[in-house]
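All of the numbers you see were taken from the coordinates with simple rules; none came from a lab. This is a predicted model, so every value here is computed, not measured. Neighbour counts are summed over all protein chains in view; Cβ atoms, including those assigned to glycine, are modelled from backbone coordinates with ideal geometry.
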Amino acid sequence: MSKRHLARSVIMQTLYQWDFRGGPTAAVPAILDEIMAEFGAGIEDTADYIKATLEGVIERRADIDALIREYAPSWPMEDMSLVDRNILRTGVYELKFAENIPPKVAINEAIELAKSYGGPSSGKFVNGILGAMYNDMIRGGEIKPNDDKENQPAAAG
């Protein structure tokens, strides 16, 4: 497992606990410290990435949640599982706001987290939302399609 993939697991678990507790921003450092301690040696190499991503997701939560609602109109945020909701928040943040993360990596990583931590249909659910957003971003000129077909996200739908 790559360090970045492991870091995304830490991010998802931190956001999960943060969301479960009602979103108290002041609790994030303690939650993160506890989870990082559980993952053990080596995870500290990605601490800056983890902290920056957590801060970005929390700071842009209103924008991120609005995008999720737009792309999942049949699924109210309150009805989504905590796991799916926070994987999507991380995926949307990396797709729309994190300039140093290739879009296809953001999508593929979110799908893999959903398959590992979510329910039986979580991977397809996350893929559908992020894939549709990705396609709209290409149509809108926000990103240019990558010729690397190997990393192409599955079609939304």
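Quick notes on this one:
- A crude spin-label estimate for the pair I138 and D48, with each label 7 Å from Cα along the Cβ direction, gives 3.3 nm.
- Candidate cross-link partners of K104 among the lysines, defined by an alpha-carbon separation under 17 Å and a same-chain spacing of 8 or more, comprise K96, K115, K124, K144, K149.
- Options N135, V83, I11, ranked by Cα towards positive dipole end of region 3-151, top entry (Cβ charges): N135
- If R0 is 41 Å, the Cβ-Cβ spacing of S74 and A41 corresponds to a FRET efficiency of close to 0.40.
- Local charge for R85 was computed over the other residues whose Cβ lies under 10 Å away, with Lys and Arg +1 and Asp and Glu -1, and equals -4.
- A full extension of the chain between H5 and F20 corresponds to an added length of 3.2 nm, given 0.36 nm per residue minus the alpha carbon distance.
- Taking only alpha carbon atoms, region 3-151 gives an Rg to Rh ratio of 0.95, where Rh is the Kirkwood radius.
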